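Input: a single structure, listed below in structure tokens.
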Amino acid sequence: MVEFLQFTLGGISFGLIYAAIALSLVLIWRGTRLLNFAQGGMAMFTTFIALEVIYRTGSYWAGFVVALAAGIVLGAVTELAVIRPTLGKPELNAVIVTIGLLILLEGLAGIFYGGQFRSFPTAFSDIGLRAGSTPLGVSRFDVFVAAAVLAITLLLAVGFRYTSAGLRMRAAAFNATVARLSGIRVARVITVGWALAGLLGALAGVLVSPSTFLYPNSMDSIFVFGFTAAVIGGLDSPVGAVIGGLLLGVVLNIAGGYLGADVTALIALGILVVVLMIRPAGLFAGARVRRV
Amino acid sequence: MSSPAEAPGARAHGPASLAVQDLVAGYGGVLALDSVTITADAGTITTVLGANGAGKTTLLRVISGMVRPRSGRVLVDGADRAGRSPEDLARAGIVHVPEGQGVIAELTVEENLRLGMMCWPGIAQLRRPGRRAERAAALAEAYERFSVLADRRQKLASTLSGGERQMLVIARALVARPRVLLLDEPSLGLAPRIMTQVMDMVVRLSRENGITIVLVEQNARAALAIADHGVVLNLGRVVAAADARALAADVALRHHYLGF
């Protein structure tokens, strides 16, 4: 029983990292109806930038902040330079272009930094916490991960719901035509959406790299799990992304704990297949008619 | 393209006159508007009639910037605005309500009304303290005029009935303070009694709020009853343009093009 609890708690921090990636994918999906295959690669790249800053300044937090800022910039630049030209063209173009960006980023990281696994520091101790004498399966760093992701998610949720800018983004996502006719600069809104997605990806990157080590392909599997979480929750649903991520993280940690780590990828894909068969729109998708 | 007196963020007030001259527009190989010329005086209601496929919707889409014309001019108070983007035109006071898409169903009633404020001039200066009061006043005015909406302000627009939804459409148009309002079949799918209410609201918008209205309607009889001028399109061409009463009295025309 205690073991079960440990696995559950331990799965929460990874689950929230998957949730961050899932959220970034949902943001982009809702705004532009695109799947950003480069999301993991962008996160890896900004984490390398963070590492560079940490090496040079000796400060974790400087690296953390620079990574988030780089994520915002990278997201916005990607939308403007890479995605915008594919508007109005066959949808496959945008897909190919994001895959191309992924390959480019991983290649560049390999050229600049080489392929060896690098360790990435944590801001807080990663020694397991205990309740009395019982290990809990989580560390201070895990708590920080959970707090950081939840804080940003909450900020975004509040921003979307209560600010004018948030209203513009939601309007543009629900009905771009009416939004444009209302005077909303939908193109600008989309760029902001990609910038926020970049921020979320960058956050996920710095939070997960201590565990996975940092190398050009390190975010590939995280991307797959994040994508799985997004699909489970429903690509249109931010709430679904978070809950999907948590569910996936916990289930995979429990399964990995009892059955061994080799099984996690298999189980993740198994869950994906089951969800797609039973409820293809995702667990949290409302029935929604989208006017074309 | 913009007149020299126009500063970014500035917008003149009051109803604007609207004219399209020799407008040619289409989609791919299909010509929807074939050299169309129409004038709408400031503050009047002009109704555009005709069968499906006559080009009525395309006309509105060209005026609001959704469709680029191949040639021709769109004059708002004498300035040519053809080819500008929909966002720019909305901010200049040209508000287009497309057929069946007057509100965003996934947003609440109040959020839809706030959408109407997005095209106010100087919208970038949101932080100005005066702005907040201005926005609150605009909302209050809308709720006073449409008490049904006041009762539903936090409900999703998708929960409104057809008539209530059109009420929201008109309320949002009111909040937007347009100089020219383009309405595409506002009475579509509504019960006759509700249709009358919507037409009344359109008339009030024109008379009380001083808005130039271009009304595309299938229900020609109801539209001609409230309009000042009428234009009949057929296969992308203007086949009649006259005072609304004259059009309504022209029995032959009505039978041939308007079905009554």
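Read-outs: derived from the displayed coordinates by stated rules, not from any lab. Being a predicted model, the structure only gives us computed values, none of them experimental. All Cβ positions, even for glycine, are placed from backbone atoms using ideal geometry, and neighbour counts span all protein chains on display.
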Note to self: So if the hydrodynamic radius of chain B is defined as the Kirkwood radius over C-alpha pairs, what does Stokes-Einstein give as its diffusion coefficient at 25 °C and 0.890 mPa s, in µm² per second?
What the structure shows: 131
Notebook entry, point to check: Around B:Thr37, which amide H atoms from residues at least 5 apart in sequence, or from another chain, sit under 5 Å from its own amide H, with H modelled in the peptide plane?
Noted result: B:Asp22, B:Leu23, B:Val238
Next item on the list: Using a Gaussian network model of chain A whose springs link C-alpha atoms within less than 10 Å, name the residue from A:Val242, A:Val26, A:Val65 with the highest mean-square fluctuation.
Entry: A:Val65
Check: In the stretch A:200-292, what trypsin sites (Lys or Arg not before Pro) fall in a loop by DSSP, with at most 11 other Cβ atoms inside 10 Å?
Finding: A:Arg290
Margin query: Can you work out the Karplus-derived ³J(HN,Hα) for every residue in the stretch A:163-169? Use 6.51 cos²θ - 1.76 cosθ + 1.60 with θ = phi - 60°, whole Hz, and x for glycine or proline.
Written below: 9, 4, 4, x, 5, 4, 5
Item checked: Amide H contacts of A:Phe284 (H built 1.01 Å from N, under 5 Å, at least 5 apart or other chain) -> A:Gly234
Next item on the list: Ignore the peptide's own chain and count Cβ atoms of other chains within 10 Å of each Cβ in B:96-102; give me the average, rounded.
Entry: 3
Check: Which of B:Ala54, B:Ala173, B:Ala137 moves the most in a Gaussian network model of chain B with Cα springs under 10 Å?
Finding: B:Ala137
Next item on the list: Would you mind getting the Kirkwood hydrodynamic radius of chain A from its Cα pairs, rounded to one decimal in Å?
Entry: 19.5
Item checked: Reciprocal of mean inverse Cα separation for the protein assembly as shown (Kirkwood radius, Å) -> 26.1
Check: Roughly what % of Cα-Cα distances in the stretch B:132-208 sit above 19 Å, to the whole percent?
Finding: 35
Notebook entry, point to check: Based on the alpha-carbon gyration tensor of the stretch A:20-101 and its eigenvalue square roots a ≥ b ≥ c, which shape applies: rounded if a/c is under 1.5, prolate if not and a/b is larger than b/c, or oblate?
Noted result: prolate
Note to self: For the protein assembly as shown, give me the percentage of DSSP beta bridges that are antiparallel, rounded to the nearest 5 percent.
What the structure shows: 60
Notebook entry, point to check: Once amide H atoms are built 1.01 Å from N in the peptide plane, which residues 5 or more positions from B:His96, or in another chain, come under 5 Å H to H?
Noted result: B:Leu182
Margin query: I need the chymotrypsin sites (Phe, Trp or Tyr not before Pro) found in the stretch A:152-254, filtered to DSSP loop residues with at most 16 other beta carbons within 10 Å of theirs.
Written below: A:Phe213
Check: Measuring from centroid to centroid over Cα atoms, what is the spacing of the stretch A:198-258 and the stretch B:66-92 in Å?
Finding: 47
Check: In whole Å, how far is the Cα centre of the stretch A:17-38 from that of the stretch A:96-119?
Finding: 20
Margin query: Please report, in whole Å³, the volume per residue of the convex hull around the C-alpha atoms of the stretch B:84-236.
Written below: 126
